[in-house]
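One structure is given below, encoded as structure tokens.
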Amino acid sequence: MENIIEVSSLAKVFANQTAIESVDFHVKKGEIFGFLGPSGSGKTTTIKILTGQLTPTSGTAKVFGESVSLLKKAEYRRRFGVLTDNSGLYGRLSIYDNLKLYCDLYDVAYSKIDEVLDAVNLKQEKAKKVSALSKGMTQRVTLARALIHEPELLFLDEPTSALDPTNSLHIHEGLRALNEKGTTIFLTTHDMYEAEVLCDRVAFLNKGQIQLLDTPDKLKKSYSDSTITVELTNGEKVILPAGSEGANRLFEYMNTNQVETIHTNEPTLGDIFVQVTGRKLA
Amino acid sequence: MMISLKRMNAILQKDFKDFSRNYAVSIVIVIPILLAAFWGRMGADSIDMHYMLINMTFGMVAAFVQCCLIAEEKEKNTLRGLMLSPASTADILGGKSLLTFIITMVVVFFSAYLAEYKPANVAVIVVAIVLSSFFYIALGTLLGLYSKSVLEASVIVMPVIVIFSFGSFIAVAAEKYPILQAANYLPNLQLIELAAKVEAGAGFGDVLVEFAIILGWVIASIFLTVVIYRKRMVD
């Protein structure tokens, strides 16, 4: 499959502070790629480099097969969308007027406004002034703006950080639908649930370096201790190995009607992150 | 550089709606008009008085409004959104300057009308005023790009308003202090010089030097603005 993003030995140093170093990864066309890391790990710096807002100190970064320096050209800007924590909106204008401006800038029909507002659950609020919206609603408008031209590649920096679970779920459904239509998504988040349900592959970024990169399933399997926890009817919890010895004991518990619940002991992505980096995702 | 009239118009429409609701900035456009009405009733009809008003309009409307509009786009991170869109530098800077240009022209017209200024050669004066407005709008854009907030913008634009509004006083001071002779080449003083010549019967051919100097300021300020804008596109 064609790579839509290719990054090699990428580094960015601000004054004397290294934001990212020796970062290597690629994102395939049609993939949802998760960039996971705590605050200050270099996620936003990477997005800014990949969208041409920041010049790397060294290394190469290519988007659509071209150097990111070319992203200043209009024909490339039309192909990607960006949502970052500092994506601004015009507070004195309505949601509709904000999106109308971007329809004109991207040559998109105004009928698209209702479609994207529906995707972020804000269709009924389109006449509201942006300054009167809550933080979560503002974030949804910003996301709608990033979606308005149906970009080939979407950069999302913490897209659901200010949202309640219901709206997060709605946004996740919208992003999956967009991805099914062919949009590649580069997502940064520290929400492990979001990464697990959305991402095809994830990279763990810590102190500016990628520590692990794989599919969530493979990571969970490779860090699993291959045990299951059986909760018995008397309240006792028994940890059993996944092999034949564990199977025999489980059969015995089941045969005597002692089993209340059974859980596999796969670690969460958060557990793996802590194990690998020694840091919590926050 | 590609220019899209559709995108420039979209930015103009957005700015018009936004500006009409931004009373803190839009209120300044009435000040030159009120002063003009006042001076007109007082019978102040010298070229220096008329051009103090016109240059003040350039400072308070063209430079101040433009500076605040750009600074607010920076402060609210909306300029970055425009920069990441397919709009070119010309679309964005042109679109963002159109509203200020239109307002400036309207205010200059009403101020001149209320102050009862009737130029001897309207065509020459109109060209000179339009050309001068480009310089002040570019200067406002430049200062806006340097400001981190609207508050900061409204402070750093003040010297511009003072220096360019009261050009006649600088000319008087330049006669006394030779070190200020260079100030005679400022666009506001060149505009006054040009207007005085027009009142004495000069046509386009007689004021080419003044036009050339003002044009030089326009080109230099636009060039500098584009360079700084492009630098601001990258963090």
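The values are calculated or read from the model by the stated rules, or taken from the named source; none is laboratory data. Values in this document were obtained by computation on a predicted structure and should not be read as measured data. Using ideal geometry, Cβ is built from the backbone for each residue, glycine included, and neighbour counts are taken over all protein chains shown. Surface areas here come from the heavy atoms of the whole protein model, side chains and all, with no ligands, DNA or RNA. Shrake-Rupley method; radii C 1.70, N 1.55, O 1.52, S 1.80 Å.
Mind checking the angle between helix B:30-42 and chain B's longest principal axis? C-alpha axes, 0 to 90 degrees, to the nearest 10. Taking the Cα atoms of chain B, the angle to B:30-42 is about 10 degrees.
Its Kirkwood hydrodynamic radius, worked out from the mean inverse distance over all distinct Cα pairs, puts chain B at 18.2 Å. The residues of region B:51-84 occluded by other protein chains by 30 Å² or more of accessible area, set against the chain on its own, are B:77, B:78, B:80, B:81, B:82, B:84; surface from heavy atoms, 1.4 Å probe.
Principal-axis analysis of the Cα atoms of chain B puts helix B:122-146 at an angle of about 40° to the longest axis. For the chain pair A and B, buried accessible area totals roughly 2600 Å², probe 1.4 Å, rounded to the nearest 100. Residue by residue along B:4-13, Cβ atoms of other protein chains within 10 Å of the local Cβ number 3 on average. Give me the percent of accessible area attributable to carbon and sulfur for chain A, probe 1.4 angstrom. Carbon and sulfur: 47 percent of the exposed surface of chain A. With all protein chains in place and a 1.4 Å probe, the accessible surface of region B:2-233 carries 73 percent carbon and sulfur. Basic side chains Lys and Arg get +1 at the Cβ, acidic Asp and Glu get -1 at the Cβ, and with that the dipole of region A:195-253 about its Cα centre reaches some 280 debye. How big is the gap, in Å, between the Cα center of region A:134-195 and the Cα center of region B:40-117? Region A:134-195 and region B:40-117 have Cα centres spaced 39 Å from each other. Summed over the residues of region B:2-233 and divided among them, the accessible surface reaches 44 Å² per residue at a probe radius of 1.4 Å. The amide H of residue A:201, built 1.01 Å from its N in the peptide plane, has A:32, A:34 as neighbours under 5 Å, considering only residues 5 or more places off or on other chains. Taking amide H positions as modeled 1.01 Å from N, with prolines and chain starts lacking one, the residues under 5 Å from residue A:154 and 5 or more places away or on another chain are A:81, A:184, A:185, A:186.
Think of a 1.4 Å ball rolled over the protein heavy atoms: region A:136-282 then has 48 Å² of accessible area per residue. For n ≥ 4 DSSP H runs only, could you compute -39500 (n - 2.57) per run for chain B, divide by its residues and tell me the 222 nm figure to the nearest 500? That calculation yields -24000 deg cm²/dmol at 222 nm.
Return the tail of the calculated pair distribution for the protein assembly as shown, meaning the percent of Cα-Cα pairs more than 39 Å apart. Can you show the working numbers first?
Working: 55553 of 133386 pairs.
Result: 42 percent of Cα pairs exceed 39 Å.
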